[in-house]
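Following this message is one structure expressed as structure tokens.
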Amino acid sequence: AREAVALAGIKPGMIVLEPSAGRGAIAKHLAAAAGPQNVHAYELLPEHAKVLRSMDLVVHEGDFLARPAEPFADVCVMNPPFGQQADMK
């Protein structure tokens with residue numbers, strides 16, 4: 001996660017998207033690079049969303065794929081869910 005964030009070239013103040021944040025393994029590194037209030041974390045599971053909120057991230061509880069397709073972030077870093085080919089959607 002740390003290496004992926006470093007390769008993304010994130011700078012403080014950039015708006016960052018993590019569309020399937022889980023319990024924050026990637027998001028915590030994004031927050032360190034951009035600032036926690038600049039990280040938009042999407043998560044389906046309420047118990048994981050609670051953990052993400054405790055990290056002071058901007059948490060969107062629900063399915064990222066249901067979000068309208070419009071640009072809002074400077075960069076996206078993710079490890080998509082691979083079950084049932086969800087990453088292909």
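The values are calculated or read from the model by the stated rules, or taken from the named source; none is laboratory data. None of these values were measured; they are calculated from a predicted model. Reconstructed Cβ throughout: ideal geometry from the backbone, glycine too, with neighbour counts over all protein chains shown. Surface accessibility is based on the protein's heavy atoms, side chains included, excluding ligands, DNA and RNA. Shrake-Rupley method; radii C 1.70, N 1.55, O 1.52, S 1.80 Å.
Just the ratio, please: alpha-carbon radius of gyration of the chain over 2.2 N^0.38 Å, N its number of residues.
Against the empirical 2.2 N^0.38 Å value, I get 1.00 for the chain.
A further question on this structure: Restricting to the chain, compute how many DSSP beta bridges are antiparallel as a %, nearest 5. Mind dumping the intermediate values first?
Working: 0 of 9 bridges.
In the chain, approximately 0 percent of DSSP beta bridges are antiparallel ones.
Label residue 23 and residue 67 with points 7 Å out from Cα along Cα→Cβ: what is the distance between them in nm?
Simple spin-label model gives 2.3 nm for this pair.
Mind giving me the FRET efficiency for residue 76 and residue 47? R0 is 22 Å, r the Cβ-Cβ distance, nearest 0.05 is fine. All intermediate terms of the calculation are to be shown ahead of the outcome.
Numbers: r = 24 Å, r/R0 = 1.07.
In this case the efficiency is close to 0.40.
Here is a further query. Round to a whole number: what % of the accessible area of the chain belongs to carbon and sulfur, probe 1.4 Å?
The nonpolar share, carbon plus sulfur, comes to 56 percent.
Can you give the accessible area per residue of the chain, in Å², using a 1.4 Å probe?
62 Å²
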